[in-house]
Every structure is written in C-alpha cells, then in structure tokens.
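Computed from the coordinates by the stated procedures, all read-outs in this text should not be read as laboratory data. In this text, all values refer to a predicted model and were calculated from it rather than measured experimentally. Every residue, glycine among them, receives a Cβ derived from its backbone with ideal geometry; neighbour counts consider all protein chains shown.
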Amino acid sequence: MKISRRDFLKGSAATTLFLAGFNLPVLASSSRKKNLVVIMLRGGMDGLCAVPVIGDKDFEKRRKKILIENPIKLDTDFALHPKLNAFHKCWKENTGAIVHATSIPYTARSHFEGQNLMESGGRVPYKEKTGWVGRAMKLAKLQGDGLALSLPMPLLLRGVPKNNNYFPSDGKLPREDTLDLLKSVYADSSEEELMDMMNFIKKRKNEDMMSGYSSSWDKRKNNNLSKQAAAYLRKPNGPRVAVFEVNGFDTHAAQGGVNGTHTKCLVEMDDIIKNLKAELKDAYKDTLILTVTEFGRTIKQNGGNGTEHGYGTAIFMAGGLIKKSQVHTDWPGLKRKELYDGRDLNATLDARSVYASAMSSVFDLDFKRIQKEVFWGEELQNLSDKLFKA
Amino acid sequence: MKNFFRKVAFGLKPDEKAPSDPLVWAQKQVEIIPEFNWKGKHIYSEKEMRKYWITQRVEENTTLRKKYKNDPEGFRRAEEQLRNDTGQRYWPNNEICIRHAEGIRSDNPVLAKLWYFWTNHFTISDTQSLAEFSTGAYHRDFIRANMDKNFETMAIEATVAWPMIMHLDNKDNEGPKSQSAKEEWRRREKRPATLNENHARELMELHTISPDAGYNQKDVEELAKIMTGWRPKWTKNKDMGHDVTFFSDRHEPGKKYVLGKEYKKGRKSLKTVIKDLANHPSCREFIATKLCRYLITDYPTPEMIAPVIKAWEQSDGYLPEVHKAAIKVAFEYNDKYRKFQNPENWWLTTINMSGSTDKYPVSEYNMNKFVFGFKPSQEMRFPDWLLEDIGCHPYKQKQPNGYSDLEKDWLSTELVIRRLIYAKKAFHQYKVKDQIDDTIHERIIRTNFDNPDKILKIVSKAKTNEEKHMILFNLPEVLKA
C-alpha cells in the first residue's frame with residue numbers, strides 16, 4: 001500500500017489564526033440546541049481492527065490469525081470492520097467520519113493511567129480531578145446539562161455541577177405520594193440539593209424510565225441506555241451532553257477475527273450509534289457522537305492470538321454535525337521504523353485536538369478558550385472547520 | 001444526643017438501651033482491637049489469599065490464553081470455570097460479611113466505622129484482580145490490625161504490603177543507575193530500568209502529608225528513588241505472589257533529598273522517610289481534617305481540628321488517642337453539625353436501626369456452604385452486588401484517592417434513587433412477622449431520636465410499613481448524622 005502522507009493536518013495552525021477573527025460573530029449568533037455524545041471505549045480499542053488499512057502486506061503478515069475478512073472499503077486506503085453496519089450507514093449518508101493514527105498523549109500503556117488521562121485530558125495520571133468535558137461545559141455555562149449513563153459520575157463529566165445520570169437499579173420507584181412527602185420534608189428542612197434530586201426523580205417516574213425491561217441487568221445494557229439517552233437528548237430542554245462506556249476492549253487473547261471478542265465490543269459501540277440515530281430523530285442532525293479510548297493495540301498478534309497494549313488508534317465520529325464522510329489521517333505507515341517503539345501504530349495527531357475542536361463546534365465556544373482553559377494552553381490544532389459543521 | 005450513635009456508629013437497634021455515657025461508650029471501643037465478630041470458616045491472611053490470586057492470574061493469562069487461542073467461546077467458558085475454582089466471586093462477599101459484621105453485630109461499631117475510614121484513606125483501587133482476592137484481607141491485616149499502634153507503624157505496613165506495592169506500581173519502580181539497569185537482558189528486551197513515581201506521589205499526596213506540605217516534583221522523584229527496589233520476588237519469570245522485599249540490585253544508588261532532608265541509599269531509608277512524613281506537621285493536620293470531615297461535617301473548622309492535632313502531638317500519633325480526640329470533638333459538635341453519610345454507612349445504619357442484623361450480613365452458616373468449583377449462590381453474592389449497586393464498594397474504587405467524603409459527590413439522581421430502593425430492600429430483610437408488626441417503626445423511632453413525636457408524625461403519613469421504611473431512612477435526620 002502506498003499512502004502518501006497527507007497534509008490535511010499540516011498548516012492547520014495557520015488556518016486557525018486566519019479564521020479566528022471571522023469565527024466569533026457566527027459563534028455568538030447560534031441558538032440551536034446541539035448535543036455532544038462521548039462513548040468511552042475502555043480497555044484499548046484496536047483502531048486497526050475497526051478500520052484496517054487496505055493492501056498492506058506487512059500488516060496482513062503480522063496479523064494472520066486475527067485479520068478481519070471482507071472489510072467494507074471506505075476509500076482507496078482504508079476499510080471498515082464489516083460488522084459496523086450502523087456506522088457504515090452513517091458513512092453512506094455523509095454523517096460518519098474517522099480520524100486515524102491518533103491518540104491521547106500517553107505512551108506508558110497502563111489501562112488505569114490511560115483511562116484516567118483519556119477522561120481528565122491531562123498528561124500526569126491522577127493529577128486532575130475534573131474531566132475535559134466537564135471543564136468545557138463549565139466554560140460554556142452548561143450547568144445541569146450532562147447525562148452519564150453510569151452510576152458513579154465519570155471523571156470525564158466532572159467539573160460542572162448538577163449532572164444527571166441514568167443507570168437503573170432493580171426495583172420500582174415509590175409512589176408519587178411518597179416522593180411528594182419526602183420532597184415536602186426536604187423543603188421544610190431547607191435541604192435544597194435533596195429537593196433538586198426529588199425533582200429529577202419525579203420526572204423520571206413520570207417518564208417511566210424505570211420500566212421496559214424485566215431485570216436491571218438488561219436495563220443497564222447500552223442497548224437500553226442509548227435509547228433512553230436519546231429520548232432525553234432530543235428534548236429541547238433535555239441534557240446536551242451524554243457519556244457512555246463500553247468495556248472489554250482489552251483482548252490479550254482470542255481477539256478473534258470477525259466474530260471475536262473485539263468485534264463484540266465494537267458492535268456494542270455500533271449499537272449505541274444505531275439507537276441514538278434512530279431515537280434522536282430530528283435531533284440527530286444537531287448531534288455529534290465521538291469515541292475515546294486510552295490507547296490502541298500492537299500491530300503484531302501475540303501467542304494467544306490477541307494483541308498487547310499499544311499507542312495509536314482511531315476515533316469514530318458520527319452525527320449531523322460531521323462535515324463529510326472521510327477518513328482523516330496523516331498516515332505514519334506501518335514499516336518497523338515508522339512504528340512507535342518499533343511495535344505500535346504511531347499517533348500523528350493529539351486526539352485532544354479533535355475533542356477540543358468538537359466542543360468548540362458543539363458548545364459554540366472559541367477554540368482558543370477551550371485550548372487555554374480546558375487543556376491548559378497545550379499545543380492543539382483547531383480542526384473545527386475541517387471536521388465539523390458550525 | 002441520640003444522633004451521636006448514628007454519627008460515630010450505626011444507630012441503635014429497636015428497643016436497644018442507649019448507653020448511659022455515650023462518650024465513654026464510644027471512646028472505650030477504640031482502645032484495643034478485639035477478635036473479629038465473624039466466625040465463618042474462611043478467614044485467611046493476605047498472604048494466604050495470594051495463592052488464589054496467582055492461580056487466577058497465571059492460569060488466565062498464560063495457560064488459558066494459549067489453549068483457547070482460536071476459540072473465544074471456549075475461552076470465556078474456561079475463564080468462567082476458573083473463576084469458580086479460585087472462588088473469585090466468593091471472596092469479596094466473604095470479606096464484606098466480615099467487614100459489616102464488625103459494624104452491626106459486634107460490640108465495637110465505633111471502631112468499625114473508623115476502620116472503614118482508614119480503608120478508604122489507604123485505598124486499594126480496582127486493578128489487577130486485587131478487589132476479588134486481596135483487598136479485603138489487606139484491610140484486615142494491615143489497616144485494622146494497626147489501629148492500636150502509631151500512625152507511623154500503620155503507614156509503613158500499609159506501604160510495603162504486597163497489595164499496595166502492586167496497586168501503585170512500585171514493582172516497576174527501578175533505579176536507572178542501579179546495578180540491574182546495566183544488565184544485558186534489558187537492552188535485549190528493551191526494558192530499561194526507569195523510575196515509576198506513582199507510589200511515591202500517592203504516599204505523599206494521599207497517605208501522609210498532602211499537597212499542603214508544599215513538596216515539588218523533585219521531592220516526588222527523590223522519594224521514588226528511595227522506594228526503588230521494593231517489590232515482590234519473581235520466580236519462573238513471573239510474579240508468583242511472593243512477599244515484598246528489598247532488592248538492592250534494583251535500588252537507585254546515591255543520596256536522596258526529600259523536603260530538604262538527606263537520605264542514604266539502601267533499605268533502611270524507606271522506613272526513615274515514612275517516619276519523617278508521618279511526623280510532619282502537614283500529615284497530622286491533613287489526617288485530623290479528614291477525620292473531622294468523616295465524622296462531623298464536610299468543611300471542618302480549625303477549632304474542630306485543633307484538639308485532634310493536639311492529641312496526635314501529645315501521643316506521638318498513637319491512633320487510639322487520636323481517635324478518642326476525634327470522637328470527643330464529634331460529641332461536642334453533635335447538636336450543631338450533621339454529616340451526610342456515604343451509601344455504605346447509610347445502609348449499615350438502616351439495617352441496624354431496623355433490627356435485621358441477623359439477616360444481613362449473610363450468616364456464617366450460609367457463607368460456609370461455599371464449594372470451590374461452583375458458582376456461589378445468589379444469597380452469598382448479595383453483599384458484593386449491593387455495594388456495587390449503591391456505588392460505594394470498598395474494594396472497587398476507581399482511583400487511588402478513594403471515595404469522596406463530600407455530600408455533593410453522593411448526590412446524583414441514581415444514587416438517591418438507590419437509597420429509596422434499598423430502604424425498601426432493607427424492609428424485605430425482615431421476617432414476615434416483623435413486616436406486619438405495626439409497632440416496629442414506633443419502636444425504631446423512640447429508640448433512635450430525641451424528637452420521636454415529630455418523626456412519627458411524618459412517617460405515619462405513609463400508607464404501608466414498607467413505605468414507612470422508605471420515608472424513615474430517607475429523612476434528613478438519617479441521611480445526615
């Protein structure tokens with residue numbers, strides 16, 4: 001395969017400067033409700049399993065046992081895992097895009113540190129106590145607009161108060177009278193925060209969010225969570241940010257080909273996209289869905305037909321706010337000397353540039369403010385115009 | 001006054017007689033460390049638990065991966081069987097039963113509540129299957145067992161214990177100028193000896209002096225150098241769960257300087273530096289603040305913290321004296337300040353006040369029925385599920401800084417829904433005769449509140465006994481103690 005290094009990312013910094021002055025008035029005038037959905041892929045998503053390169057003999061040789069057969073061709077250089085039907089549909093409708101050979105700036109290959117950093121957006125593990133989405137929401141004054149589809153508030157959303165979460169437990173909510181009684185008790189004791197919570201809970205009871213599935217096990221699967229989240233997000237006064245988690249990408253063994261464990265996790269991600277697209281309805285056009293993972297995986301399969309922790313990987317993006325279907329990359333190549341540490345796909349772009357640009361577009365914030373206040377002024381590229389619609 | 005029993009313990013059982021001198025009652029409990037209340041047959045030391053951990057990890061990571069490399073389904077099945085063989089799903093439940101029996105079945109609930117405080121202070125977060133095999137035992141062997149010693153002793157033991165060294169990666173902390181750094185295999189395998197600062201940073205930031213002490217990155221690196229070489233011994237090229245010892249060949253040579261003080265190379269320096277950190281003024285201030293936050297209020301005042309610091313100084317950090325001082329301050333501020341209870345402590349209070357401590361935690365008799373190779377029963381697995389579901393599992397913190405102790409972090413829609421649902425579940429821990437006993441709530445309330453009539457009036461608005469439970473245990477008076 002001969003992919004020439006593309007220059008789409010080069011010169012971005014200059015473009016940023018050039019456009020900065022023109023962007024501001026446009027940003028201020030936007031009043032649409034735009035949604036951001038982040039899907040956290042825990043365990044290290046293999047970008048080369050999800051979006052393999054076409055015709056690279058080195059790659060095929062090193063992955064004999066776990067190569068994905070019959071991938072869907074996306075362009076001359078890249079293909080898509082054949083089980084990612086929902087994403088492929090987005091692609092065909094010009095609302096699906098991929099950034100390849102990217103990563104957060106973390107190379108030490110520990111899940112725990114990596115996952116901490118993919119959420120905090122920083123460089124030193126465990127140092128930051130807030131997440132990049134939470135900080136940007138605070139900057140955009142989006143209080144009470146976050147929805148986590150998990151029980152503890154993920155670090156990613158921390159930094160802005162009054163986020164809601166949805167992760168149903170077994171059992172039913174009490175009768176409305178009981179909730180009202182507690183609410184009046186909290187009112188009498190000036191327990192305002194508890195009162196706020198009772199308002200959320202009463203709303204949820206009316207929306208019947210607790211039912212529909214027989215066990216909490218099913219209720220908590222992303223298949224249900226994504227449908228319920230879409231129902232929230234599409235409301236004009238609903239949340240503007242939702243955060244999902246997909247676990248299990250850490251396939252050291254039996255990663256398998258098209259029916260393997262890694263595929264299972266990718267399909268779970270794909271189902272979230274499918275449900276969001278279907279249930280968001282009209283709001284899909286004003287939504288941006290993004291993935292984030294702690295690192296990619298080694299090029300070479302290991303003795304157990306799995307892969308080890310790596311570095312460069314891919315970001316999936318879907319939704320009506322995508323500029324056009326395209327694989328964006330400054331491809332580093334897969335020859336040994338082109339690999340990171342001689343073993344991993346290199347990252348030619350700091351993934352945080354994509355996230356900062358996405359939030360600039362969705363939250364109508366100036367890129368430079370995000371760069372400065374969310375990412376401590378680190379060197380990031382403004383890709384908003386290349387990747388997203390304003 | 002009766003709030004005090006919820007503040008430093010878990011309330012009183014229905015019809016339990018309140019101790020005549022609550023302060024003395026509470027302080028006496030922290031003087032010695034009694035035997036565990038739990039009499040089940042599976043109480044193993046942290047070291048003994050490692051052999052199950054090894055079987056699980058080594059088998060899973062090597063044997064099974066090789067055997068089922070082309071068979072993902074077979075791999076999943078074999079993994080599942082291995083879990084049953086090593087008791088992976090049983091151990092955390094067993095440990096939680098031991099932990100919770102101390103809180104609501106023993107004669108020393110105050111000691112138990114403080115034990116929970118320290119297990120969160122020295123958090124082992126959820127990595128490397130430690131939650132399933134080791135964390136509970138670590139809490140018993142290195143935290144509780146040292147609650148009648150000086151803080152310095154607890155800090156040293158908690159630091160060099162195998163689970164903590166594993167958890168904070170000190171096993172990978174190797175001196176770049178050490179003897180081992182020069183070995184040929186490192187070049188061959190591209191594994192240079194490098195510092196791993198993780199444990200050193202947390203030892204200062206979370207376990208002892210806190211960032212308030214004003215240390216810098218250089219101090220962290222220097223402390224990391226002192227800690228190089230402290231790791232478990234490997235055999236057969238693997239971690240086989242051996243004790244942590246000092247390997248001088250991996251230790252960074254030369255003098256180190258932490259907070260301006262010089263430390264010599266070698267094994268003795270680690271103890272010396274922890275001793276210095278434990279006796280640093282910022283350490284006692286940090287821990288006194290955390291203790292007051294745990295027992296009294298989210299934002300303790302300097303007046304609350306001062307007596308605890310003083311007790312620390314006078315007793316050289318002797319924990320029973322420090323605890324007594326904190327209890328006394330909690331007693332004095334009992335009427336003025338209420339502390340929002342984390343989900344675990346709230347659940348124990350709910351069960352204890354309900355009087356269903358024979359049903360929860362699961363009895364020794366039922367836990368003893370576990371057979372290796374089989375999945376534990378639903379009943380045996382309730383404690384683990386419960387704590388995960390209420391979002392406060394003491395072995396499954398996501399980060400080394402443990403659970404937050406601030407009300408705002410425990411107020412999310414789902415977490416508040418859990419309190420409603422689990423108050424109901426607590427009601428269903430009752431036998432039928434208690435469920436239909438219409439005097440039960442009055443008895444609970446009269447025993448546990450100074451203003452029973454006001455509480456009774458609110459609770460009586462509920463239609464059923466089940467609803468009364470949900471209301472009572474979600475009143476501000478119970479959520480906050």
Study note, to complete from the structure: Amide H proximity to residue A:258 below 5 Å, modelled H, separation 5+ or other chain, gives A:69
Study note, to complete from the structure: By the mean-Cβ-within-10 Å protection proxy, highest first, A:95-102, A:61-68, B:431-438, B:326-333 rank as A:95-102, B:326-333, A:61-68, B:431-438
Practice item. Using only atoms on other chains, find how many Cβ atoms lie within 10 Å of each Cβ of peptide B:70-77 and report the average. Key: 5
Revision key, fill the gap. Note on region A:30-142: alpha-carbon gyration tensor, axes a ≥ b ≥ c; rule is a/c under 1.5 for rounded, else prolate if a/b larger than b/c, else oblate; result oblate
Review point. What aspartates and glutamates could a cross-link reach from residue A:386, if we take a straight Cα to Cα line under 19 Å and drop same-chain neighbours fewer than 8 places away?
Key: A:7, A:75, A:93, A:286, A:330, A:350, A:364, A:366
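Given the -39500 (n - 2.57) contribution per DSSP H run of 4+ residues, what per-residue ellipticity at 222 nm results for chain B, rounded to the nearest 500 deg cm²/dmol?
One gets -14000 deg cm²/dmol as the mean residue ellipticity at 222 nm.
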Review point. Roughly how many Å is it from the Cα centre of region B:150-196 to that of region A:243-257, as a whole number?
Key: 29 Å
Check your understanding: When Cβ neighbours within 10 Å are restricted to other protein chains, what is their mean count per residue of peptide B:470-480?
Key -> 4
Review point. Going down the list B:149/B:261; A:235/A:274; A:65/A:285, which pairs span over 29 Å between their C-alpha atoms?
Key: A:65/A:285
**Study point:** Euclidean distance of C-alpha centroids, region B:283-326 and region A:271-348, integer Å
**Key:** 50 Å
Revision key, fill the gap. Charge tally for neighbours of residue B:373 with beta carbon under 11 Å away, counting Lys, Arg as +1 and Asp, Glu as -1, is +1
Point to revise | Averaged over A:171-177, number of beta-carbon atoms from partner chains that fall within 10 Å | key: 5
Revision key, fill the gap. Karplus-derived 3J(HN,Hα) from phi for region B:112-124 (6.51 cos²θ - 1.76 cosθ + 1.60, θ = phi - 60°), whole Hz, x at Gly and Pro, runs 4, 5, 6, 4, 4, 4, 5, 5, 7, 5, 9, 4, 10
Check your understanding: Tell me, B:162, B:230 in order of fewest to most beta-carbon neighbours within 10 Å?
Key -> B:230, B:162
Revision key, fill the gap. Long-range amide H partners of residue B:240, meaning residues 5 or more apart or on another chain whose placed amide H is closer than 5 Å, are B:235
Exercise for review: Whole Å is fine, so just give me how far the alpha carbon centre of region A:84-107 lies from that of region A:171-208.
Suggested key: 41 Å
Practice item. Give me B:178, A:361, A:384, B:315 ranked fewest to most by other Cβ atoms within 10 Å of their Cβ, as a rough exposure proxy. Key: B:315, B:178, A:361, A:384
Check your understanding: For chain B, what class follows from the C-alpha gyration tensor (a ≥ b ≥ c being the square roots of its eigenvalues): rounded when a/c is under 1.5, otherwise prolate if a/b is larger than b/c, else oblate?
Key -> oblate
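Dividing the alpha-carbon Rg of region A:186-314 by 2.2 N^0.38 Å yields what?
That ratio works out to 1.39.
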Practice item. Could you rank the peptides A:336-346, A:295-305 by their average count of other C-beta atoms within 10 Å per residue, with the highest value first? Key: A:295-305, A:336-346
Study note, to complete from the structure: With -39,500 (n - 2.57) per DSSP H segment of 4 or more residues and division by the full residue count of chain A, the 222 nm estimate, nearest 500 deg cm²/dmol, is -10500 deg cm²/dmol
Exercise for review: For residue B:473, list long-range residues whose amide hydrogen, built 1.01 Å from N in the peptide plane, is under 5 Å from its own amide hydrogen.
Suggested key: none
Review point. Once both axes come from the Cα atoms, what is the angle between helix B:268-278 and the longest principal axis of chain B, in degrees from 0 to 90, rounded to 10?
Key: 30 degrees
Point to revise | Violating pairs (Cα-Cα greater than 19 angstrom) within the set B:28/B:328; A:34/A:277; A:73/A:335; A:162/B:396; B:17/B:468 | key: A:73/A:335; A:162/B:396; B:17/B:468
Practice item. Using only the Cα atoms of chain A, build the gyration tensor, take square roots of its eigenvalues as a ≥ b ≥ c, and label the shape rounded, prolate or oblate: rounded if a/c is under 1.5, else prolate if a/b is larger than b/c, else oblate. Key: prolate
Revision key, fill the gap. So, over other residues within a Cβ distance under 14 Å of residue B:179, counting Lys, Arg +1 and Asp, Glu -1, the net charge is 0
Exercise for review: Compute the FRET efficiency between residue A:180 and residue A:389 as 1/(1 + (r/R0)^6), taking r as their Cβ-Cβ distance and R0 = 41 Å, and round to the nearest 0.05.
Suggested key: 0.40
Revision key, fill the gap. A correct fewest-to-most ranking of B:54, B:209 by other Cβ atoms within 10 Å would be B:54, B:209
